[in-house]
1. For the chain, go through all pairs of different Cα atoms, get the mean of 1/r, take its inverse, and jot down that Kirkwood value in Å.
2. Could you give the dipole magnitude of the range 53-262 about its Cα centre, charging the beta-carbon of Lys and Arg +1 and that of Asp and Glu -1, in debye to the nearest 20?
3. Please compute the length gained on full extension between ILE122 and LEU21, using 0.36 nm multiplied by the number of residues separating them and subtracting their Cα-Cα distance.
4. In whole Hz, with x marking every Gly and Pro, tabulate ³J(HN,Hα) for the range 96-102 from phi via Karplus 6.51 cos²θ - 1.76 cosθ + 1.60, θ = phi - 60°.
5. For labels at PHE57 and ASN11 in the simple 7 Å Cα→Cβ model, what's the distance in nm?
6. Modelling each spin label as a point 7 Å along the Cα-to-Cβ direction, I'd like the GLU167/ILE251 distance in nm, to one decimal.
7. Springs between alpha-carbon pairs under 10 angstrom, Gaussian network model over the chain: which of ALA94, ALA70, ALA168 fluctuates most?
8. Rounded to the nearest 500 deg cm²/dmol, what is the calculated helix-only ellipticity per residue at 222 nm for the chain, with -39500 (n - 2.57) per DSSP H run of length n ≥ 4?
Amino acid sequence: MKKIPLSKNGNKFKLFLWSFLIIGSFFISLYFLDLDFNRFFSRLENTPKVIARMMGFNFNLLVDLMKGFATTFFLVVIGVFVSVLISFVLAFLAADNIAPSKILSGLIKGIVAIIRSIPSLILTIIVIASIGFGNTSGLISIIIAGVSFLTKTFSSVIESSGNNVIEAIRSTGSSWFGIVIHGLLPTVFSGFISWTTLEIEQAVNLSISMGTIGIAGIGLLLSNAQRTYQYKDITTIVVFIFILMYLLELITTTIREKLNDNN
């Protein structure tokens, strides 16, 4: 009988152990959540009725939708623009390979990590609790979330693609600003644009989600329709959001593909 090498036995034991842990975690989760499957299946018979009520559009809602879209659009435009400006500066101060101070770099990365650990909607609630409801709260929330995301990604782009350029220009005796402007900026520009397009998508998602906590825009229209069980309004708004997100995805994907082709 052919003997199985010890390494194969070890791999089989690890596979068995991981499988046991995963399956065990699954059943422990089911037990802990105490899910009511009987209620779920008993309520399934209501699904056709709900779908039937949603089969239609409320075209009278289009004017409000366009106003909501305008609010969402302008919040995202201003929010992303300010986020990019702030993150552009912070990224060069935080990137390990160009940061003028290791202490400053660590401080920026630490603050960004703390902000990113807070869910966006919770962050928005904190802002609302501080300054009240309104578009200003929504804008500040988008900016804070955007700065935390873009600072991290921008600094990662600098750290991954700028070492050779930094050493080459530093050897000429160039200043810190000279290295950034003449060396790093042309190298990392396409990467910055690519991550900015992704932030635009995230900002739109956040802006829509903020409607559930009272921030004006498309999300608030959807939240109000859900709260009052206006099924046709829900369908109209969801279809509108789907078209909006599809077009946005199409545009941002095209931009990223163009940048990749140029590189």
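Each value in this text was obtained by applying a stated rule to the coordinates, not by laboratory testing. Keep in mind that this is a model prediction, so the values were computed, not measured. In this analysis, Cβ positions are derived from the backbone assuming ideal geometry, glycine residues included, and neighbour counts consider all displayed protein chains.
1. Values: mean 1/r = 0.0444 Å⁻¹.
About 22.5 Å, per the Kirkwood formula over Cα pairs.
2. It works out to roughly 360 debye.
3. That pair, ILE122 and LEU21, stretches by 33.2 nm at full extension.
4. 4, 7, 9, 4, x, 8, 5
5. 5.6 nm
6. Modelled inter-label distance: 4.2 nm.
7. Highest fluctuation among the options: ALA168.
8. About -26500 deg cm²/dmol.
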